[in-house]
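Asks: Please read through the structure below; I'll follow up with questions.
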Amino acid sequence: MTTRARAALLAPALTVTLAFTLAACSDEPEPVRETGVDPEWYAELDRAVEDADQVGDVPVLSSGSCPIDTPEVAGHDLDEDSPDVGVSTLGDSGHRLICSWSPPATDLVVARFDDPAELELAREDVSRVGEVDNGQNVQVTEAITVGRREFFVRRTTFPTNDSHVDYAVWFLDEDEQGLVLLDVETTDTHDLIETYDAQQAAQDLADLLS
């Protein structure tokens, strides 16, 4: 068989092989992000601020679609079709984008500051490890490392109301002068009030950032 004839026979097979190769490549998952925050989150924050009619220190939330990723809470999906979304200023130089779901009542916040000193103030606030009894509630804050990220998780209980326990977990992105907060109010939904804990809260945010 001539070389030209052999090439003609092989061409369809090569085409099929190439098609399968391209399909396989397109189905490959995105690489895991081990540090920091997806830059697109900050871009979405900037776009949301630009598109807002008015941006004040109190967020005005309205039903919409969250432009950043939807978290899972202990493996449970949140309703992607019904978050409330809004923006606000934060401190003197920052802005934040808020996405809020229910149930369980869950907030995801991405924020960034123009002044790095404000991020440092935020760090001083959220990194106060230990227990604080405010009379109305009791807050226990701990630092938890997941992979290459450090998180600060604050568990808040209410002595006069045992129907819910709140978990706030922060990741501070010093490279971009930003932060991400995941706040979950656990109730009897999915028995989270009994099973959720600080480690799971940190893991949920770590999974989302990755």
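Asks: In the chain, what percent of the accessible surface is made up of carbon and sulfur (1.4 Å probe, ligands and nucleic acids excluded)?
Replies: Whole-percent figure for carbon plus sulfur exposure: 47.
Asks: Moving on to the next point. Specify whether the C-alpha gyration tensor of the stretch 63-144 places it in the rounded, prolate or oblate class, a ≥ b ≥ c being the square roots of the eigenvalues: rounded for a/c under 1.5, otherwise prolate if a/b is larger than b/c and oblate if not.
Replies: Verdict is oblate for the stretch 63-144.
Asks: Okay, next question. Compute the length gained on full extension between Asp162 and Asp81: take 0.36 nm times their separation in residues and subtract their Cα-Cα distance, giving the result in nm to one decimal.
Replies: 26.2 nm is the gain from fully extending Asp162 to Asp81.
Asks: Once the piece of chain linking Ser65 and His190 is laid out straight, how much longer is it, given 0.36 nm per residue of separation minus the C-alpha distance between them?
Replies: Computed gain between Ser65 and His190 is 42.6 nm.
Asks: Oh, and also: For the stretch 40-106, what is Rg from Cα atoms divided by 2.2 N^0.38 Å, rounded to two decimals?
Replies: Against the compact-globule rule of thumb, the ratio is 1.13.
Asks: Here's another thing I want to ask about it. Please give the peptides 202-210, 119-127, 172-180 ranked by average Cβ packing (other Cβ atoms within 10 Å per residue), highest first, as a rough proxy for protection.
Replies: Order by mean packing, descending: 202-210, 172-180, 119-127.
Asks: Moving on. Send over a whole-number figure in Å² for the accessible area per residue of the stretch 71-210, probe 1.4 Å.
Replies: That works out to 49 Å² for each residue.
Asks: Ranked highest first by average number of other Cβ atoms within 10 Å, how do 32-42, 55-65, 89-99 line up?
Replies: 89-99, 32-42, 55-65
Asks: What shape does the stretch 103-154 take by its C-alpha gyration tensor, where a ≥ b ≥ c are the square roots of the eigenvalues and a/c under 1.5 counts as rounded, a/b above b/c as prolate, and the rest as oblate?
Replies: Here the stretch 103-154 falls in the rounded category.
Asks: Moving on to the next point. How much FRET efficiency would the formula 1/(1 + (r/R0)^6) give for Arg148 and Ala43, where r is the Cβ-Cβ distance and R0 is 25 Å, rounded to 0.05?
Replies: With R0 = 25 Å, the Cβ-Cβ based efficiency is 0.65.
Asks: Add -39500 (n - 2.57) for each DSSP H run of 4 or more in the chain, then divide by its residues: what number comes out at 222 nm, to the nearest 500 deg cm²/dmol?
Replies: Helix contribution divided over all residues of the chain: -9500 deg cm²/dmol.
Asks: Another question, then. Would you list the membrane-span-like helices of the chain, meaning whole DSSP H runs whose alpha-carbon atoms span at least 30 Å along their axis and whose mean Kyte-Doolittle value is at least -0.5?
Replies: Answer set is 3-26.
Asks: Sorted by average packing, counted as other Cβ atoms within 10 angstrom per residue and highest first, what order do 104-117, 135-148, 185-198 take?
Replies: Those peptides, ordered most packed to least, come out 104-117, 185-198, 135-148.
The values are calculated or read from the model by the stated rules, or taken from the named source; none is laboratory data. Keep in mind that what you see is a predicted model, and the values were worked out from it rather than measured. No Cβ is skipped: glycine too gets one built from the backbone with ideal geometry, and neighbour counts run over all protein chains shown. Surface areas here come from the heavy atoms of the whole protein model, side chains and all, with no ligands, DNA or RNA. Shrake-Rupley method; radii C 1.70, N 1.55, O 1.52, S 1.80 Å.
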